[in-house]
Amino acid sequence: MKTPRAIAVLAKGAYLAAEEIGTVTLSFDDRYRRRILLAMDGGRGEFLLDLPQAVRLAEGDGLRLESGGVVCVRAAQEPILEVRAGASSLAQLAYHIGNRHLPAQIMGEMILIRQDQVIEDMLNGLGADCRKTLRPFSPEQGAYGRVPRHGHAHGGDDHHSHGDRHAHAHDG
């Protein structure tokens, strides 16, 4: 039997619940893909995600199968650090998180980041109230759209290749 192919992404709400044939639960990193074999939740079978270009999938998006039907994307529970503080202090903490190019989900009363003991220690030293939890993670996409693999974006059409280790003006 031929593996079904998902050939299009439908935004949350752009498809009918009756079209849904299953769900796939993916981590934040796994929700940025172009082509990969995925397994539906509950052992409902595999399908090939086969898109023209890599796309950031969001909670509730649908993956349209070539043969018909939609697989609904679910955001996986991940080890997350909830960062809380007063409004002005939270803005300062957001600055320090952003200065380190960390993916962050900004919420009204807190910032969510991936668990990292070094970062947690730094934030606690700055007066943050940090709590470890498991929850879905959908960080901001940033000023330039998607977050590149090497951790920061470039302005304009400056698409070039270099290693993960390189200096920034703020590195010292």
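Bear in mind these aren't lab numbers, they're just calculated from the coordinates by the rules spelled out. Predicted model, so just to flag it, every value in this text is computed and none were measured. Glycine gets a Cβ as well: all are built from the backbone with ideal geometry, and neighbour counts include every protein chain shown.
Tabulated values for the structure
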read-out	value
Under the Karplus curve 6.51 cos²θ - 1.76 cosθ + 1.60, θ = phi - 60°, whole-Hz ³J(HN,Hα) for region 110-118, x wherever Gly or Pro sits	7, 10, 9, 9, 5, 5, 7, 4, 4
Dipole magnitude of region 1-157 about its Cα centre (Cβ charges: Lys, Arg +1; Asp, Glu -1), debye to nearest 20	320
Sequence ranges 114-120, 77-83, ranked by mean other-Cβ count within 10 angstrom, highest first	77-83, 114-120
Sequence-distant residues sharing a close amide H with Tyr32 (under 5 Å, placed H)	Leu57
Whole-Hz ³J(HN,Hα) from phi, Karplus 6.51 cos²θ - 1.76 cosθ + 1.60, for region 131-139, glycine and proline x	10, 7, 8, 10, 6, x, 10, 9, x
Amide hydrogen neighbours beyond the local backbone of Arg135, cut-off 5 Å, H modeled	Glu78, Ile80
Phi-based couplings in Hz for region 64-70 (Karplus 6.51, -1.76, 1.60; Gly and Pro marked x)	6, 7, 4, 7, x, x, 9
